[in-house]
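What follows is a single structure, written as structure tokens, with notes after it.
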Amino acid sequence: MPHSAVSHGTDTTRAGPSATGTDLGRPPKLDTPATNLYTNDDDDPTDADETTPRHQSPFAYLTTREFYLTLLLGQILAITNTACSTFSALLADRDVSFPAFQTFFNYLLLSVIFTTYTIHREGLRGWQESLLDRGWKYLLLSLCDVEGNYFLVLAYRHTTLLSAQLINFWAIAVVVLLSTTFLGVSYHRGQILGIAICISGILLLLLTDTTTDTQPDHPKSPLLGDLYALLGATTYGLANTAEEILVCTAPVAEVLAHMSLFGTVITAVQSLCLEAPALRTRSLDAEVLGYMAGYTLCLGAFYCLVPLLLRRASAAFFNLSMLTMNCWGVVVGVLVFRYVVSWGYPVAFGLVVLGQGVYFLGGEGNGWKRGVRGVTTLEVEEEEGGIGGGIGKGKRKRGKSASSEEDPLLGSESDDDYD
């Protein structure tokens, strides 16, 4: 799921990051009715008068450590994702492009780590019950994620590193569309302005690309590569939207364990069906294996950090952070691939960072609350006849946190930090 990634959790009540964003304990018991996961805000008078730094002043949140940690985490993810793109481009330059085989090891690594941890924490029976009860959700998430990786790696056969990264901003439009259409999410004007500023930076980057010769050896089929990248960005948008919902209702370790388990199976089958003949005739030397190892480690780190950002902010802010990878990609392009760039790239980078700040400030408004134990949870609307699980149209409710106790994998912060 590298490269793109946006929000289905940035509604009027979840405009910014959570107060802690790291409490990822166990999900509600399986025999708990879905409708009990949501409670009226009016039923909890203890939250009525609570304020956060973001309520005190439109700019107070900029003075908090939480804001800068979230911003820094977004940039770390962007750099890690750029490293994944760089290794993919280096492999493509060596005429090695096996998207399913290349990502198989990432899912296998994550599956071994997080499945083992989940079984240790929840017990074998708890792991089996979560898989049987919510497995279909993780299967759909994994399918979108795997194909997003597949098409993006495939795009590097036909287009450049910068072009593939530029197209990933389409994932923002996908997530916003999904959020407003199917989840009833509404965005503040300030948030929309922040997204527009970020996209303007990418459009400036695109404009400078069309007027600057960035690479002496142009790809043979850039349009085909761009279409693959566009398809990958679309599936990433679907995956990011689904993952943001899941990490707000289940432990991060469980989400990663089941998603990577299904991902391992899907990529193995896909590689055997589509890439086995080519793999038999292609020798993989030490340099190629090194690139694959680098890709696997960087992508694995990326997957581990993404849920933390989704809990602190949203999929939309995640994708806004990913936009800066285009600018980091320019640095790699100049140093590694000898690209020639113009003044537009540093300006575009500044616009994207500015847009992120505006997006956060734009969430200032009514209804932003801390969820249970300081974790802001995805709010949905519920009415009689709504979609199953309490998601429908009507009165807005506040969902309970996925936490029932501390998750030692990530720890938690005290609510006193915001009192």
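Reported count of residues in the stretch 68-82, each being surrounded by fewer than 22 Cβ atoms within 10 Å (Cβ to Cβ) and in contact (Cβ under 8 Å) with a residue 40 or more places away in the chain, is 6.
In the stretch 235-252, which residues are out of contact with any Asp or Glu (no Cβ under 7 Å at 6 or more places or on another chain) and modelled with pLDDT of 90 or more?
Start the filter on the stretch 235-252 by keeping residues that are out of contact with any Asp or Glu (no Cβ under 7 Å at 6 or more places or on another chain), which leaves 236-238, 240-250, 252.
If the condition is that a residue be out of contact with any Asp or Glu (no Cβ under 7 Å at 6 or more places or on another chain) and modelled with pLDDT of 90 or more, then Leu238 is the only one that fits.
Scan the stretch 235-274 residue by residue and report those that are surrounded by fewer than 19 Cβ atoms within 10 Å (Cβ to Cβ) and touching a Ser or Thr at 6+ places or on another chain (Cβ under 9 Å). Listed by number, the list holds a single entry, Val265.
Considering (1) touching a residue at least 60 places away in the same chain (Cβ under 8 Å); (2) closer than 22 Å to Val96 by Cβ; (3) in a helix (DSSP H, G or I), the lone condition that Thr241 does not fulfil carries the number (2). From the list Leu177, Leu131, Leu152, the lone residue that is of a type in the set (A, V, I, L, M, F, W, C), in contact with a Pro (Cβ under 8 Å, 6 or more places away or on another chain) and on the phi < 0 side of the Ramachandran plot is Leu152. Which condition from (1) of a type in the set (D, E, K, R); (2) within 30 Å of Leu361 (Cβ to Cβ); (3) not in a helix (DSSP H, G or I) is the one that Glu66 breaks? Of everything listed in (1) of a type in the set (D, E, K, R); (2) within 30 Å of Leu361 (Cβ to Cβ); (3) not in a helix (DSSP H, G or I), Glu66 misses just condition (3).
If you go through the stretch 275-293 and pick out every residue that is surrounded by 11 or more Cβ atoms within 10 Å (Cβ to Cβ) and of a type in the set (D, E, K, R), you end up with 3.
Taken over the stretch 138-193, the criterion of being touching a Leu at 6+ places or on another chain (Cβ under 7 Å) and under 15 Å from Thr82 (Cα atoms) is satisfied by Ala164, Leu166, Ile167, Phe169.
Among the residues that make up the stretch 269-292, is at least one of them among the polar types (S, T, N, Q), more than 28 Å from Cys144 (Cα to Cα), at pLDDT 80 or above and assigned to a helix (DSSP H, G or I)? There is at least one residue in the stretch 269-292 that is among the polar types (S, T, N, Q), more than 28 Å from Cys144 (Cα to Cα), at pLDDT 80 or above and assigned to a helix (DSSP H, G or I). Kindly check whether there is at least one residue in the stretch 66-82 that is under 14 Å from Tyr303 (Cα atoms) and in contact with a Gly (Cβ under 8 Å, 6 or more places away or on another chain). Yes, that holds for at least one residue.
Summed over the stretch 81-134, residues that are hydrophobic (A, V, I, L, M, F, W, C) and assigned to a loop (DSSP other than H, G, I, E, B) total 2.
From the list Leu162, Leu141, Leu108, Leu132, pick out the single residue that is at pLDDT 85 or above and touching a Phe, Trp or Tyr at 6+ places or on another chain (Cβ under 9 Å). Walk me through it before giving the result.
Numbers: Leu162 fails: at pLDDT 85 or above; Leu108 fails: touching a Phe, Trp or Tyr at 6+ places or on another chain (Cβ under 9 Å); Leu132 fails: touching a Phe, Trp or Tyr at 6+ places or on another chain (Cβ under 9 Å).
The conditions single out Leu141.
The values are calculated or read from the model by the stated rules, or taken from the named source; none is laboratory data. Everything numeric here is computed off the predicted structure, so don't read it as measured data. Every residue, glycine as well, gets a Cβ built from its backbone with ideal geometry; the counts of neighbours run over all protein chains shown.
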